[in-house]
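Asks: Structure provided below as structure tokens; questions to follow.
Bear in mind these aren't lab numbers, they're just calculated from the coordinates by the rules spelled out. Remember, it's a predicted structure, so these values are computed and weren't measured experimentally. No Cβ is skipped: glycine too gets one built from the backbone with ideal geometry, and neighbour counts run over all protein chains shown.
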Amino acid sequence: MISEEFKELALHKIDHNSKRVLSVIGWTAGSILIGLVVGLFSTAFGVSMRYMIQTRETHPWLIYLLPFGAIIITFIYKKVLKTKDSGTNTVIAAIQSDEKLPARLAPLIFVATCITHLIGGSAGREGAALQMGGAIGNGLGRIFKLSPTDKKTMIMCGMSAAFSALFGTPMAAAIFSMEVISVGIMHYAALVPCVIASLVARAVAAHFGLGAEEFVIGELPKFGIKTAITICIFAILCGLVSMLFCTALHTYEDFLSDKLKNPYLKGFIGGCSVLLLTLIVGSQDFNSTGSAIIASCFTGAAIGLEYFLLKIIFTTLTLSCGYKGGEIVPTLFIGATFGAAMGPIIGMPPSLMAAVGMGALFCGVTNCPISSLLICFELFGYKPMPYFLLAVAFSYWVSGYTGLYKSQKIVYSKYRSNYIDKHVH
């Protein structure tokens with residue numbers, strides 16, 4: 001006869017396995033749902049963004065509205081959100097703790113980012129998408145009454161889905177949301193849901209004609225000791241540039257907030273500064289995403305060293321005064337132009353160095369080496385792997401504890417296996 005103890009153990013194991021199966025089924029269905037919802041929302045956002053940018057390019061006079069755009073955005077946020085918004089930091093903080101992430105943040109960032117690009121603010125779209133996706137994921141988690149832990153996974157799923165739909169890099173998008181939260185550890189429990197949501201959202205975006213980014217590097221020089229040393233030196237410079245960008249962004253934002261307590265005055269003065277700089281430069285190439293300049297880095301166009309510095313200044317002025325949008329595309333612009341300008345100086349192909357610069361800068365400002373490598377592979381292919389590998393590693397090492405997102409935590413030191421648990425600066 002089977003003992004009662006054995007029966008109890010068997011029943012317990014069956015019950016445990018049943019719960020596991022139900023959990024897998026539930027998360028698969030939930031991931032598909034969030035991929036569909038966020039994919040549709042992000043596709044609408046991407047199409048709207050494209051229309052806004054085309055409208056501004058057709059009507060250049062719209063930049064003269066720059067002093068007023070930030071005022072309008074500030075007013076909308078105060079009336080609708082009624083709490084201080086700190087961009088992607090809000091989403092990261094909601095995953096790290098139980099801080100509230102309002103669902104209404106999604107339509108707010110949608111409208112605000114469209115206004116920013118319509119009148120020529122220098123910002124991106126993927127960072128805004130992270131906020132939208134996270135807010136939608138959190139909202140679905142509340143609807144289905146998920147536990148706080150599962151709700152955080154839903155937020156990460158939403159972030160992956162939005163990033164994948166807009167940028168067309170589902171592999172990097174799936175990993176990025178798990179890697180960006182806490183440097184030194186990965187939230188592997190969210191791996192399968194994030195992968196499913198990322199792939200579904202990308203499929204939705206592709207179905208409605210939202211294409212993925214594509215860049216062609218061309219012929220590669222032979223990888224050897226000399227080229228390896230050159231890439232290492234260049235990556236160190238990229239790490240320093242990423243520190244410059246993050247420091248400028250945070251320092252100027254703190255300076256404006258300290259000196260101008262009235263957010264409407266801050267928005268007006270900040271908008272005027274972006275407009276004035278645009279008129280001084282005499283071109284709108286550095287306004288909005290600057291995608292045309294990024295593409296020109298791979299077509300042999302002449303790129304000056306001042307390009308990356310100008311983009312840092314334009315983006316710092318824009319995002320510090322109340323305009324909304326992401327920092328990721330400006331980061332890629334800075335990396336691409338810095339690499340294309342440095343290429344002829346160090347005797348390397350400009351297109352290759354533009355690609356390497358994009359990967360290295362992305363890593364330097366996000367502290368996400370794995371995601372950075374995956375983005376490089378998805379954008380440029382696997383063939384330049386040694387260049388990307390060295391550049392990402394050295395940029396991650398050199399950039400220290402700076403980063404775009406102040407809520408991001410450095411759990412383990414970059415230089416030794418020590419637990420430090422500190423926020424980036």
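Asks: Scan the chain and hand back the longest stretch that contains none of the chymotrypsin sites (Phe, Trp or Tyr not before Pro) lying in DSSP loops with at most 11 other Cβ atoms within 10 Å. Walk me through the numbers on the way to the answer.
Replies: Working: sites that count: Tyr382, Tyr415.
It works out to 1-381.
Asks: Taking 0.36 nm per intervening residue step and subtracting the Cα-Cα distance, what contour gain separates Ala189 from Gln96 on full extension?
Replies: Working: separation 93, 0.36 × 93 = 33.48 nm, distance 1.44 nm.
Roughly 32.0 nm would be gained on extension.
Asks: Given labels modelled 7 Å from the Cα in the Cβ direction, how far is it in nm from Glu219 to Asn89?
Replies: The two pseudo-label positions are separated by 4.9 nm.
Asks: Most fluctuating residue of Ser48, Ser371, Ser399 in a GNM of the chain with Cα springs under 10 Å: which is it?
Replies: Looking only at Ser48, Ser371, Ser399, the biggest GNM fluctuation is shown by Ser48.
Asks: Also, quick follow-up: What does the convex hull of the alpha-carbon atoms of region 225-423 project to on average, in nm²?
Replies: Convex hull of Cα atoms, orientation-averaged projection: 11.8 nm².
Asks: Percentage of Cα-Cα pair distances in the chain greater than 32 Å, rounded to whole percent? Before the final figure, lay out each step's value.
Replies: On the way: 32024 of 90100 pairs.
Summing the P(r) tail past 32 Å for the chain gives 36 percent.
Asks: Okay, moving on. Which trypsin sites (Lys or Arg not before Pro) in region 182-244 pass both tests, a DSSP loop state and at most 16 other beta-carbon atoms within 10 Å?
Replies: Values: sites: Arg202, Lys222, Lys226; in loops: Lys222.
Listed in order of number, the matching sites are Lys222.
Asks: On to the next question. If I take every Cα pair under 8 Å that is 6 or more residues apart in the chain, average their sequence separation and divide by the length, what percent do I get for the relative contact order?
Replies: Contact order relative to length: 21 percent.
Asks: Where is the GNM fluctuation largest for the chain (alpha-carbon springs, 10 angstrom cutoff): Pro384, Pro107, Pro344?
Replies: Checking each option, the largest mean-square fluctuation is seen for Pro344.
Asks: With +1 on each Lys and Arg Cβ and -1 on each Asp and Glu Cβ, how big is the dipole of region 334-425 about its Cα centre, in debye rounded to the nearest 20?
Replies: 240 debye
Asks: Next question. Please give the calculated 222 nm ellipticity per residue for the chain, where each DSSP H segment of at least 4 residues contributes -39500 (n - 2.57) and the sum is spread over every residue; nearest 500 deg cm²/dmol?
Replies: -23500 deg cm²/dmol
Asks: Continuing with the same structure: Project the alpha carbons of region 10-207 onto their principal axes and report the range along each, largest first, in whole Å.
Replies: Result, largest extent first: 74, 36, 32 Å.
Asks: Could I ask something else about it? What FRET efficiency would be calculated for the residue pair Glu306, Phe255, taking the C-beta separation as r and a Förster radius of 30 Å, to the nearest 0.05?
Replies: The computed FRET efficiency comes out at 0.80.
Asks: For the chain, what are the DSSP H helices with axial Cα length of 18 Å or more and mean Kyte-Doolittle hydropathy of at least -1.0?
Replies: Numbers: long enough: 4-58 (79 Å, 0.31); 66-80 (22 Å, 1.44); 105-118 (19 Å, 1.95); 126-143 (25 Å, 0.36); 148-167 (29 Å, 0.56); 191-207 (24 Å, 1.78); 225-259 (51 Å, 1.18); 263-281 (27 Å, 1.69); 306-320 (21 Å, 1.21); 328-346 (26 Å, 1.74); 350-366 (24 Å, 1.54); 385-398 (20 Å, 1.51).
Taking the DSSP H segments of the chain (at least 18 Å long, mean hydropathy at least -1.0), we get 4-58, 66-80, 105-118, 126-143, 148-167, 191-207, 225-259, 263-281, 306-320, 328-346, 350-366, 385-398.
Asks: Local charge sum around Ile312 (other residues, Cβ-Cβ under 12 Å, Lys/Arg +1, Asp/Glu -1)?
Replies: On the way: positive: Lys311; negative: Glu306, Glu327.
Net of charged neighbours comes to -1.
Asks: Let me ask something else. Work out the length of the dipole vector of the chain about its Cα centre, built from +1 on the beta-carbon of each Lys and Arg and -1 on the beta-carbon of each Asp and Glu, and round it to the nearest 20 debye. Intermediate results must be reported in sequence, preceding the final value.
Replies: Numbers: 31 positive and 22 negative charges, 142 e Å.
The calculation lands at about 680 debye.
Asks: Another one. Counting only other residues whose beta carbon sits under 14 Å from that of Cys376, what net charge do I get with K and R as +1, D and E as -1?
Replies: That works out to -2.
Asks: Over region 294-383, what number does the Rg to Rh ratio reach, with both radii from the alpha-carbon atoms and Rh per Kirkwood?
Replies: Checking Rg against Rh, the ratio lands at 0.99.
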